[in-house]
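The values are calculated or read from the model by the stated rules, or taken from the named source; none is laboratory data. All values derive from a computational prediction rather than experimental measurement. Note that we place each Cβ from the backbone using ideal geometry, even for glycine, and neighbour counts take in every protein chain shown. Ligands, DNA and RNA are stripped out before the accessible areas are found, and what is left, the full protein with its side chains, is counted by its heavy atoms. Shrake-Rupley method; radii C 1.70, N 1.55, O 1.52, S 1.80 Å.
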Amino acid sequence: MSATETFRARFGADPAGVWSAPGRVNLIGEHTDYTGGLVLPFAIAARAQAAIGPNGSGIFRVTSAQRGNDVISVAAQDIRPGAPAAKGWPAYPLGVVWALADRGIDVPPLDIALDSAVPAGAGLSSSAAVECAVALAISDQLGSGFDRPTLARIAQHAENDFVGVPCGLMDQMASAASTEGHALFFDIGAGTTEHIPFDTAAAGLRMLVIDTRAHHSLADGEYAKRRADCEFAAEQLGVELLSQVPFAGLDEALGQLNGPRAAVLRRRVRHVITENERVRETVALLRAERIAAVGPLLSASHASLRDDYEVSCAELDLAAETAEQAGALGARMVGGGFGGSVIALTSSDRAGAVESSVMGAFSRAGYPRPVVRSVTPAAGARHDA
Ligand code: GLA
């Protein structure tokens, strides 16, 4: 069922409109966003749709095509962090209502029907897609006129302070501000974005996303620990945000870290600062239309995330290694880690061999069968109808 059909079936009326926002893949720049660093994500074709309409009551109602026939009804005053409404999937749309209200926007009670094709748990930002679709829908409906970066921050505010996930800004920015055919070069410290052409098909290449279907429960706790490590290192180095350490000053910075956890902190810092540099190099290669040359940077990013940042897992390593052995130009884990997806850049004619090699390796290892998709850069959040 589409979001419109779901809206009609559950609320017995037509929606005022339908908006959608995509999931994302991050080409490179992993675990840098919350350090004020550089990221280069792009939107994928899979989208979350939000159909909304005012209901003239004092109650917000939310429903989702993916959640049976449930309609969750919540009084406006009960939409606050920690309340029962802040639990489970309704927290994403209701969190956006709360985040808008927190910015002084008077959101009238609405009916919201969701329908998402972004797979949950695959590291493709299904939650950012829902948040951005709802944020743009309400903003457009109310004529608030927020620009894309502001919508992304509202969505992140919902995720951080209502849902309670301490993510950075990359996913929401990619979902809100991407454009078709381009990767989004986002310098979080500077607050600037640039759309970089990224046409794999024209270069005879394919970008595969290998969803390992692994989900390790330590993901959330370890994410928070990595953030804390970066904040602690920044403090020791006398910078506000870790990514303010320039690549040229990396060795000096590593020498300044001391204390019982110095060895660990050095690895964390080395990952973040070298990853920012890999983003710069990737952007330069894309500008020079040398997409194939990006492959080794992807593999170097994976090694850094595995060895220095320690956020990979056996399934992600197996997918990345097997893809490379089967002829991919480069491969790496994407997103927070400890499960989710690997991206592999491959020539079009090797794509089939890469996919079947990964399938074979997972079957031999006794892991669930991965889901492999081919992705191209799609449009960001938009008004559909
Ligand atoms: C998750 C978070 C993002 C980012 C990545 C790691 O996807 O939501 O903000 O930190 O992990 O790059």
Please go through (1) over 19 Å from Gly380 (Cα atoms); (2) more than 14 Å from the ligand (Cβ to nearest atom) for Ile52 and return the number of the only condition it doesn't satisfy. (1)
Looking at Gly168, Gly104, Gly145, Gly121, can you tell me which residue is open to solvent by 30 Å² or more (accessible area, probe 1.4 Å), within 13 Å of the ligand (Cβ to nearest atom) and outside any helix (DSSP H, G or I)? Gly121
When you scan the range 8-22, do you find a residue that is out of contact with any Asp or Glu (no Cβ under 8 Å at 6 or more places or on another chain), more than 16 Å from the ligand (Cβ to nearest atom), in a strand (DSSP E or B) and under 30 Å from Arg206 (Cβ atoms), even just one? no
Taking the condition of being outside any strand (DSSP E or B) and charged (D, E, K, R), how many residues in the range 23-57 meet it? 2
Which residue out of Leu218, Leu250, Leu241 is open to solvent by 10 Å² or more (accessible area, probe 1.4 Å), modelled with pLDDT under 95 and out of contact with any strand residue (DSSP E or B) (no Cβ under 9 Å at 6 or more places or on another chain)? Leu218
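Each row is one residue, and each column tells you yes or no for (1) surrounded by fewer than 24 Cβ atoms within 10 Å (Cβ to Cβ); (2) at negative phi; (3) acidic (Asp, Glu).
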{"residue": "Ala45", "(1), (2), (3)": "yes, yes, no"}
{"residue": "Phe60", "(1), (2), (3)": "no, yes, no"}
{"residue": "Asp70", "(1), (2), (3)": "yes, yes, yes"}
{"residue": "Trp89", "(1), (2), (3)": "yes, yes, no"}
{"residue": "Ile112", "(1), (2), (3)": "no, yes, no"}
How many residues are among the acidic types (Asp, Glu) and either more than 17 Å from the chain's Cα centre (by Cα) or assigned to a loop (DSSP other than H, G, I, E, B) (or both) when one looks only at the range 171-213? 3
Taking the range 184-212 and keeping only residues that are more than 13 Å from the ligand (Cβ to nearest atom), hydrophobic (A, V, I, L, M, F, W, C) and farther than 19 Å from Ser20 by Cα, one is left with Phe185, Ala190, Ile196, Phe198, Ala201, Ala202, Ala203, Leu205, Met207, Leu208, Val209, Ile210
Conditions: (1) surrounded by fewer than 23 Cβ atoms within 10 Å (Cβ to Cβ); (2) in a helix (DSSP H, G or I); (3) within 14 Å of the chain's Cα centre (by Cα). Asp161 meets all but one. Number of the miss? (3)
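Residues are listed down the side, and each one gets a yes or a no for (1) out of contact with any Ser or Thr (no Cβ under 8 Å at 6 or more places or on another chain); (2) surrounded by fewer than 23 Cβ atoms within 10 Å (Cβ to Cβ); (3) among the β-branched types (Val, Ile, Thr); (4) closer than 22 Å to Glu222 by Cα:
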position: Arg268; (1), (2), (3), (4): yes, no, no, yes
position: Ala323; (1), (2), (3), (4): no, no, no, no
position: Leu329; (1), (2), (3), (4): no, yes, no, no
position: Gly336; (1), (2), (3), (4): yes, yes, no, yes
position: Ile343; (1), (2), (3), (4): yes, no, yes, yes
position: Val354; (1), (2), (3), (4): no, no, yes, no
position: Val372; (1), (2), (3), (4): yes, yes, yes, no
position: Arg382; (1), (2), (3), (4): no, yes, no, no
Entirely in the range 277-383, the strands (runs of 3 or more DSSP E) that have 1 or more residues that are in contact (Cβ under 8 Å) with a residue 24 or more places away in the chain, closer than 18 Å to Leu124 by Cβ and touching a Cys at 6+ places or on another chain (Cβ under 8 Å): 339-347
